[in-house]
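Below is one structure, written out as structure tokens; comments come after it.
Just so it is clear, none of the values below were taken in a lab; they were calculated from the coordinates. From a predicted model like this one, the values you see are computed outputs, not experimental measurements. For neighbour counting, all protein chains shown are included, and Cβ atoms are generated from backbone atoms with ideal geometry for every residue, glycine included.
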Amino acid sequence: MSEKFDIPFKSSFVPAVLEPGATIKFKCHKGISCFNECCKHADIQLTPYDILRLKDNLDMSATEFLKNHTVPFEMDKDGVPGVKLRTDNDGACKFVTEEGCSVYKDRPTACRYYPIGHMSMKEANASEDEARYFLIREDHCKGHEEDREIAVDDYRKEQEVELYDQINREWLQLMLKKKSAGPTIGRPSDTSLQFFFMCSYDVDRLRRFVLADSFKASYDMEDSFYETVEKEDLALMQFGVRLLKQVLFGDVTIPVKDNAVEKRVEERKDILEMRKKAEIELHKQKQEQQMKDALS
Ligand code: SF4
Ligand code: SF4
């Protein structure tokens, strides 16, 4: 199975595959002549955990962060929504300053990995997916001329990217599952795509959804679960991935209440009945008014 390279910064270069255990010759530091050059052509796709870290760094809600600092894009031909960091009109990341990255301790996964590109792949008969790495060499990046060799695994540690990979793993596996399902699944409905966006990126909306009575009436969760997700974004984000897997892929791990579907149909029936009565009443009132108008 193949897919496009995950290249974080705009590039016309074809990346070179890094074999497992490979080392790279690279070092980036403040005194380097190209300092900040990469961030001036940023094309950074965000993962769910990137969004949590960045919105906390900026002390804003996820909804606000998404509105002010990202642009949506379609991750595949079926319109599965992704988000990228918003740039200025010249393509520069809005977080870059003379001093470097203003959100450095919470910078996104793609920025941590650069100049390594990475992606997960799953061979047709394999049970587990595997990480694959690529080296991206761009003329403006002088880090490749620095005299330091480092193993890819050590570079990942140095950039503290392992935690990000670990937390995003299930979500990334979901993307792979969607890709490997191929065209048989077809384009998801707009409601499914909106549901995907909420579960993946917007913990504020997801929290309102999970704490609503309609959710509690459908899913059989302990009180402690609701107490946790009310306070903890990370737990909620991880639950969002489970919810996505269950609702969109039928991978059931969240207990559903008995008769939840039947109850919803009953409730719906009541609503429809009430609506019908209201429409009849309105129609009657209109007719009465028309008669009054005709007689006056
Ligand atoms: S988030 Fe930071 S490291 Fe990433 S592109 Fe923006 S300024 Fe550069
Ligand atoms: S060495 Fe490469 S990654 Fe570091 S600032 Fe320069 S262009 Fe960016």
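One table, with the values for the structure above:
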| quantity | calculated |
| --- | --- |
| Relative contact order of the chain, defined on C-alpha pairs under 8 angstrom at six or more residues apart (%) | 21 |
| Neighbour net charge for T63 - beta-carbon separation under 12 angstrom, K R +1, D E -1 | +2 |
| R0 of 51 Å, Cβ-Cβ distance T253-M60: FRET efficiency to nearest 0.05 | 0.95 |
| Shape call, region 16-180: gyration tensor on alpha carbons, a/c limit 1.5 | oblate |
| Cα gyration tensor shape for region 167-228, rounded if a/c is under 1.5, else prolate or oblate | prolate |
| Table column - 3J(HN,Hα) (Hz), region 196-207, Karplus curve with 6.51, -1.76, 1.60, x for Gly and Pro | 4, 4, 4, 5, 7, 10, 10, 5, 5, 5, 4, 5 |
| Charge sum, other residues only, whose C-beta stays under 11 Å from F239's C-beta, Lys/Arg counted +1 and Asp/Glu -1 | 0 |
| Cα-based helix-to-principal-axis angle, 162-181 vs the chain, degrees rounded to 10 | 60 |
| Shape call, region 218-262: gyration tensor on alpha carbons, a/c limit 1.5 | oblate |
| Amide proton proximity set for M119, modelled H, under 5 Å, gap of 5+ | R132 |
| Nonlocal amide H pairs with R86, under 5 Å, H built at 1.01 Å | T70, V71 |
| Taking all pairs of distinct alpha-carbon atoms in the chain, Kirkwood radius in angstrom | 22.3 |
| Computed [θ] at 222 nm, helices only, for the chain once each DSSP H run of length n ≥ 4 contributes -39500 (n - 2.57) | -15000 deg cm²/dmol |
| Most positive-pole-ward Cα, L211, V229, A22, against dipole of the chain from beta carbon charges | L211 |
| Subset of K105/K245; K157/K177; K67/K216; K30/K94; K25/K157 violating a 21 Å alpha-carbon distance limit | K105/K245; K157/K177; K67/K216 |
| Alpha-carbon centroids, region 59-88 and region 26-48: separation in whole Å | 20 |
| Packing-based exposure ordering (other Cβ within 10 Å, fewest first) of E98, E145, E37 | E98, E145, E37 |
| Sorted by Cβ neighbour density within 10 Å, fewest at the top, the residues I167, I51 | I167, I51 |
